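A.B. asks: Sharing a structure below in structure tokens format, with a few things to ask.
The values are calculated or read from the model by the stated rules, or taken from the named source; none is laboratory data. Treat the numbers as computed from the prediction; the structure is a model and nothing was measured. Heads up, the Cβs are rebuilt from the backbone with ideal geometry, glycines too, and the neighbour counts pull from every protein chain shown. SASA here: full protein model, heavy atoms, side chains in, ligands and nucleic acids out. Shrake-Rupley method; radii C 1.70, N 1.55, O 1.52, S 1.80 Å.
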Amino acid sequence: MPHSVIEPTPRSFQTGPLQTSPAQTTFDVMRLRQDFPVLAREVHGKPLIYLDNAATSQTPQQVIDVFSDYFSRYNANIHRGLHTLADEATAAFEGTRHRVKAFLNAEDARQIIFTRGTTEAINLVVHSWGRKNLAPGDEVLISMLEHHSNIVPWQLLAAEIGFTIKVIPVEANGALDMAAYRSLLSERTKLVAVNHVSNALGTINPVQEMATLAHQQGALILIDGAQAAPHQVVDVQAIDADFYAFSGHKVYGPTGVGTLYGKQALLEAMPPWQGGGEMISTVSFDAGTTFAAIPHKFEAGTPAIAEVIALGRALEWMESIGIDAIGAWEGQLLDHATQAVGQIDGLRILGTAPDKAAVLSFIVEGAHSQDIGLLIDQLGVAIRTGHHCAQPLLHHFGVDATCRASFAAYNTLEEVDRFVEALQRVIGMVR
Ligand SMILES: *Cc1c(COP(=O)(O)O)cnc(C)c1O
């Protein structure tokens, strides 16, 4: 259902040179910061430096405005209405589906299913595809780098059905051990579940190569793109992903919404996983119930309409800046931060794979990560401390927690410098 509610805006500045010479960027970070009202606030009397973007990114005014616009002008339930408000809400909602299709380079908008987020998207695959297709003796490969969202749903289903979960190990630098991956793959492998970018270490996984290898064994690949979608152009067709998931709140959009992409034949063959309104074709006590076609078969109940529309606006915002330009800028921030914290005595960076996105995870000898997190907040700096929902990975590295600074389009090199200064002060206090 193409429509014209959400049209792309022209790019606000040239992004071409950024891809070729990231060191001499013309990236206008000061201008785009003005889109984010929260960046003007203070925390404990200090200007906020927000470096917890891997947990959730901040929201531009253009996205915030969607909510007041929606609720003050066209709040209505979608799809079944015959009135103007319902039509407008439906057009805007379905408009996001088309935008996500373009964002992921999917073949068809019907392959985009709205969920509450990455977690729910993975659960959809586990409970719909997994329950139908997995049996005792089958194997699902997941990686040591996975977020709990891509571990626990598989464990829950394995406990019920009795298939086997095998873990792809990581090398000392946090890169996946590809030789081990090749040898773990066999005809027993039914699915590989791996993140595109690790939220705990920032490692970018070679998902395209992994997909090729999985397909050679007749296995499918599910890619958790929660940390990739904010930082790089994703092309599900080039990757040859069978399933790809990401969350709205990590791409400058709202919480409560995310998407699952799936190959059309797979989605069509999968049973519904939740029943209710929206996902049926006909319901009868005598003749049973028939289901809607994709994507609606997987969207039971009234969805998060305003959030979905706002997600579309967030992707439009990213595209107006240029996704490659965002990734290149974050690469500069990461390089600068890595160099600067690398000078700090007793600080160890976890995750030094050659291919990394905007995440800097570290521990400091003689200092608890939690103390660092609490004290640095007093200086206005928001970083995350803890296990980052990746306990198996952290245990593998022999730690319970790390400090994690993660970057977004709106962070500046000056903020990185102030973060490093604050970190040095805090380490001096706790040691
Ligand atoms: C944040 C994250 C998730 C979970 O996303 P939700 O939005 O909480 O569902 C899953 N995987 C990775 C890699 C993440 O960073």
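A.B. asks: Taking a cut-off of 21 Å, what percent of all Cα-Cα pairs in the range 228-300 are separated by more than that? Before the final figure, lay out each step's value.
C.D. replies: Working: 1110 of 2628 pairs.
Summing the P(r) of the range 228-300 above 21 Å gives 42 percent of all pairs.
A.B. asks: Right, another one. Carbon and sulfur together cover what percent of the accessible area of the range 73-145 at a 1.4 Å probe radius? Kindly include the intermediate steps, with their values, before the conclusion.
C.D. replies: On the way: 1330 of 2700 Å².
Answer for the range 73-145 is 49 percent, counting heavy atoms of protein chains only.
A.B. asks: Another question, then. Quick check on packing: order 337-348, 274-285 by the mean number of other C-beta atoms within 10 Å, highest mean leading.
C.D. replies: Details: 337-348: 15.2, 274-285: 12.7.
The peptides rank, most packed first, as 337-348, 274-285.
A.B. asks: Also: For the range 71-113, which trypsin sites (Lys or Arg not before Pro) are in a loop by DSSP, counting at most 15 other Cβ atoms within 10 Å?
C.D. replies: On the way: sites: Arg73, Arg80, Arg97, Arg99, Lys101, Arg110; in loops: Arg80.
Of the trypsin sites (Lys or Arg not before Pro), the ones in loops of the range 71-113 whose Cβ has at most 15 other Cβ atoms within 10 Å are Arg80.
A.B. asks: Okay, next question. How big is the shadow of the Cα convex hull of the range 323-430, averaged over all directions, in nm²?
C.D. replies: Numbers: hull surface 27.0 nm².
Computing the convex hull of the Cα atoms and averaging its projections yields 6.7 nm².
A.B. asks: Step through the table entries Lys263/Lys297; Lys190/Lys263; Lys46/Lys250, compare each Cα-Cα distance with 20 Å, and write down the pairs that go over it. Kindly include the intermediate steps, with their values, before the conclusion.
C.D. replies: Details: Lys263/Lys297 15 Å; Lys190/Lys263 16 Å; Lys46/Lys250 25 Å.
From the list (Lys263/Lys297; Lys190/Lys263; Lys46/Lys250), the Cα-Cα distance tops 20 Å for Lys46/Lys250.
A.B. asks: Heavy-atom accessible area per residue, the range 264-354, 1.4 Å probe: how many Å²? Intermediate values should be presented prior to the final figure.
C.D. replies: On the way: 3790 Å² over 91 residues.
Heavy-atom accessible area per residue stands at 42 Å².
A.B. asks: Quick check: convex hull of the Cα atoms in the chain, volume per residue, rounded to a whole Å³? The partial results should precede the final answer.
C.D. replies: Values: hull volume 64.2 nm³, N = 431.
Cα-based convex hull of the chain, divided per residue, equals 149 Å³.
A.B. asks: Can you quote the Å³ per residue value for the convex hull of the Cα atoms in the range 84-319, rounded to an integer? Kindly include the intermediate steps, with their values, before the conclusion.
C.D. replies: Working: hull volume 28.8 nm³, N = 236.
Convex hull of Cα atoms, per residue: 122 Å³.
A.B. asks: Tell me the carbon and sulfur percent of the accessible area for the range 347-391, rounded to whole percent, probe radius 1.4 Å.
C.D. replies: About 46 percent, which is the carbon plus sulfur part of the accessible surface.
A.B. asks: Would you check the accessible area of Asp286, probe 1.4 Å, heavy atoms only, in square angstrom rounded to 10?
C.D. replies: Counting only protein heavy atoms, the figure is 150 Å².
A.B. asks: Report the GluC sites (Glu not before Pro) located in the range 145-237 that are in a DSSP loop and have at most 16 other Cβ atoms inside 10 Å of their Cβ, or state none. All intermediate terms of the calculation are to be shown ahead of the outcome.
C.D. replies: Details: sites: Glu146, Glu160, Glu171, Glu187, Glu209; in loops: Glu146, Glu171, Glu187.
The qualifying sites are Glu171, Glu187.
A.B. asks: Roughly how much of His396 is accessible, in Å² to the nearest 10, using a 1.4 Å probe?
C.D. replies: 90
A.B. asks: Now a separate question. Run the helix sum for the chain: -39,500 (n - 2.57) per DSSP H stretch of 4+ residues, divided by residue count, reported at 222 nm to the nearest 500 deg cm²/dmol.
C.D. replies: Numbers: 15 runs with 155 residues, N = 431.
Estimated from H runs of four or more residues: -10500 deg cm²/dmol.
A.B. asks: Which aspartates and glutamates does Lys166 reach when only Cα atoms under 13 Å apart count, and residues fewer than 8 places away in its own chain are ignored?
C.D. replies: Cα-Cα hits under 13 Å: Asp138, Glu139, Glu146.
A.B. asks: Go through Leu394, Asn411, Ile427 and say which Cα lies farthest out towards the positive end of the charge dipole of the range 323-430; charges sit on Cβ, +1 for Lys and Arg, -1 for Asp and Glu.
C.D. replies: The residue sitting farthest along the positive end of the dipole is Leu394.
A.B. asks: Helix check for the chain. Which DSSP H runs span at least 20 Å along their own axis by Cα, with a mean Kyte-Doolittle hydropathy no less than 0.5? Let's see the in-between values first.
C.D. replies: Working: long enough: 84-104 (30 Å, -0.13); 305-321 (25 Å, 0.91); 323-342 (28 Å, 0.23); 413-430 (26 Å, 0.47).
Membrane-span-like by this rule: 305-321.
A.B. asks: Would you look at the GNM of the chain, springs on alpha carbons closer than 10 Å, and say which of His336, His231, His249 moves the most?
C.D. replies: Maximum fluctuation in the GNM of the chain, among the listed residues, is at His336.
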